[in-house]
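Asks: Dumping the structure here so I can ask a few things about it.
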Amino acid sequence: MRINKFMATCGVASRRKCDELIASGHVKVNANVCTKLGLQIDPEVDLVTVDDRPIRLTEKYVYYMLNKPCNVVTTVSDPNGRPTVMQYVPSGKYRIFPVGRLDYNTSGLLLFTNDGDVAQKLIHPSFEFGKTYIAEVKGMLDNNTLNHLRNGVDIGGFVTSPAVVEVLDTQQNRTRVKIVIHEGKNRQVRRMFEAVGSCVLRLQRVAIGKIKLGDLPVGKCRELTKDEVAYIKSA
Ligand code: URA
């Protein structure tokens with residue numbers, strides 16, 4: 001890439017202004033003053049400074065959602081060679097990573113980005129991104145049990161904060177429950193049901209705040225819309 005184009009892309013100034021900076025000796029490439037207009041540089045390798053301050057390409061931030069299948073690990077790489085969520089998202093241009101995690105046998109909404117600030121907001125309980133799950137659990141749940149889950153249960157050294165818990169339907173000794181939680185402790189939903197003597201048979205995350213999985217097929221990924229990104233950033 002021509003050095004003036006590189007500098008302009010990094011937001012230093014217009015290309016013409018960058019040429020002036022180069023000609024007047026403000027710019028170094030790999031610690032050597034460069035006055036040659038039109039010099040080709042490799043942004044991945046060469047260190048360009050303006051008045052001794054390094055400049056870098058600002059990375060574009062991208063945001064995706066995946067409908068994670070079961071039997072897939074939420075990690076960038078698995079030392080045990082199991083399938084990972086990275087196999088379902090675009091590879092190459094941007095180094096995206098999963099935001100938080102879903103268990104191996106949990107399916108549903110998983111976000112990916114290369115934007116560390118946004119990832120931090122989504123994970124941290126102090127931001128109001130409730131995580132909505134549909135849990136299919138063993139047995140019937142009476143009102144006392146439901147209220148216990150709503151008010152907070154001890155999942156082993158940690159009492160969960162208030163949750164929204166709503167029974168969707170019950171069939172053949174199984175209950176489908178919608179549950180919205182605000183923390184993200186390890187296996188939290190499963191441990192909450194275990195704490196009240198039940199057991200999660202299937203678990204799917206369907207929303208993070210107002211971002212909904214909708215009808216995205218299992219194993220498919222899509223970019224977040226402008227409105228979805230704006231919503232996350234505005235929190
Ligand atoms: N709670 C769980 O128990 N598992 C998940 O994957 C997510 C929340």
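Asks: Could you tell me whether region 165-212 comes out rounded, prolate or oblate from its Cα gyration tensor? Rule is a ≥ b ≥ c as square roots of the eigenvalues, rounded for a/c under 1.5, then prolate if a/b exceeds b/c, otherwise oblate.
Replies: oblate
Asks: For region 15-77, run through the GluC sites (Glu not before Pro) and keep only the ones in DSSP coil with at most 13 other Cβ atoms within 10 Å of their Cβ.
Replies: Those that pass, being in a loop and sparsely packed, are Glu44, Glu59.
Asks: How much length would be gained if the chain were fully extended between Glu136 and Val159, taking 0.36 nm per residue of separation minus their Cα-Cα distance, in nm to one decimal?
Replies: Length difference between fully extended and current span is 6.1 nm.
Asks: Mind sorting Val12, Val76, Val99 by how few other Cβ atoms lie within 10 Å of their own Cβ, fewest first?
Replies: Going from sparsest to densest Cβ surroundings: Val76, Val12, Val99.
Asks: When only DSSP loop residues count, what GluC sites (Glu not before Pro) in region 166-235 have their Cβ near at most 15 other Cβ atoms within 10 Å?
Replies: Passing both the DSSP loop test and the Cβ count: Glu183.
Asks: If the chain between Asn32 and Val45 were fully stretched, how many nm would it gain, using 0.36 nm times the residue separation less the Cα-Cα distance?
Replies: The Asn32-Val45 span can extend by a further 3.2 nm.
Asks: Let me ask you something else. When the helix-only estimate is applied to the chain (DSSP H runs of n ≥ 4, each -39,500 (n - 2.57), divided by the residue count), what is the mean residue ellipticity at 222 nm, nearest 500 deg cm²/dmol?
Replies: -6000 deg cm²/dmol
Asks: Add +1 for every Lys or Arg and -1 for every Asp or Glu among the other residues with Cβ under 14 Å from the Cβ of Thr75, and state the total.
Replies: +1
Asks: Using Cβ contacts closer than 10 Å as the measure, can you line up Tyr88, Tyr61, Tyr133 from fewest to most?
Replies: Tyr61, Tyr88, Tyr133
Asks: What order do you get for His124, His182 when you list them from fewest to most C-beta neighbours inside 10 Å?
Replies: His124, His182
Asks: Once you sort the root eigenvalues of the Cα gyration tensor of region 82-125 as a ≥ b ≥ c, which label holds: rounded (a/c under 1.5), prolate (a/b larger than b/c) or oblate (the other case)?
Replies: oblate
Asks: Mind listing which trypsin sites (Lys or Arg not before Pro) in region 13-121 are in a DSSP loop and have 13 or fewer other Cβ atoms within 10 Å?
Replies: When the trypsin sites (Lys or Arg not before Pro) of region 13-121 are filtered for loop state and at most 13 Cβ neighbours within 10 Å, Lys36, Arg56, Lys60, Lys93, Arg95 remain.
Asks: Using only Cα positions of the chain, each an equal point scatterer, no hydration layer, compute I(q)/I(0) via Debye at q = 0.08, 0.09, 0.15 Å⁻¹ and quote the log10 values to two decimals.
Replies: Values returned for q = 0.08, 0.09, 0.15 Å⁻¹ are -0.45, -0.53, -0.99.
Asks: If the limit is 18 Å between Cα atoms, which of Lys131/Lys212; Lys5/Lys36; Lys121/Lys233; Lys121/Lys220 go over it?
Replies: Beyond 18 Å between Cα atoms: Lys121/Lys220.
Readers should treat all values here as calculations from the given coordinates under stated rules, not as data from a laboratory. Every value quoted in this text rests on a predicted model; they were computed, and no experiment measured them. Every residue, glycine as well, gets a Cβ built from its backbone with ideal geometry; the counts of neighbours run over all protein chains shown.
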